[in-house]
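K.L.:
Once you've had a glance at the structure underneath, I'll fire off some questions.
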Amino acid sequence: MGLGDKISNAAKEATGKVKEGLGDVTNNADLKADGLKDQAVANAKQAGEKVKDAAKDFRDK
């Protein structure tokens, strides 16, 4: 996984956490759901990149 991808995914996850927290504080279910969605997307991308990295490492050995 490239450094840019890692930063982008971490930023998306952090943004999702902030949205979720704001949704909790303001009692805004849509904002909270959007935050949870952002976190799920970022986590899925991170998992996919880890699989790609593992496959590349395996091929290189």
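The values are calculated or read from the model by the stated rules, or taken from the named source; none is laboratory data. This structure is a prediction, so every number in the text was calculated from the model and none was measured. Note that we place each Cβ from the backbone using ideal geometry, even for glycine, and neighbour counts take in every protein chain shown.
K.L.:
Let me spell it out: the conditions are (1) touching a residue at least 40 places away in the same chain (Cβ under 8 Å); (2) of a type outside the set (G, A, S); (3) surrounded by 13 or more Cβ atoms within 10 Å (Cβ to Cβ), and E13 meets all of them except one. Which number is the exception?
P.N.:
Condition not satisfied by E13: (1).
K.L.:
Out of A55, A14, A33, A42, report the one residue that is over 16 Å from the mean Cα position of the chain (by Cα) and among the aliphatic types (A, V, I, L, M).
P.N.:
Working: A14 fails: over 16 Å from the mean Cα position of the chain (by Cα); A33 fails: over 16 Å from the mean Cα position of the chain (by Cα); A42 fails: over 16 Å from the mean Cα position of the chain (by Cα).
Just a single option satisfies the conditions, and that option is A55.
K.L.:
Check off (1) at pLDDT below 95; (2) of a type in the set (V, I, T); (3) in contact with a helix residue (DSSP H, G or I) (Cβ under 8 Å, 6 or more places away or on another chain) for V51 and give me the number that stays unchecked.
P.N.:
(3)
K.L.:
Hey, another quick one. Can you work out which of the residues in the range 28-56 that are under 15 Å from G2 (Cβ atoms) and of a type in the set (D, E) is surrounded by the fewest Cβ atoms within 10 Å (Cβ to Cβ)?
P.N.:
Of everything passing the filter in the range 28-56, D53 is surrounded by the fewest Cβ atoms within 10 Å (Cβ to Cβ).
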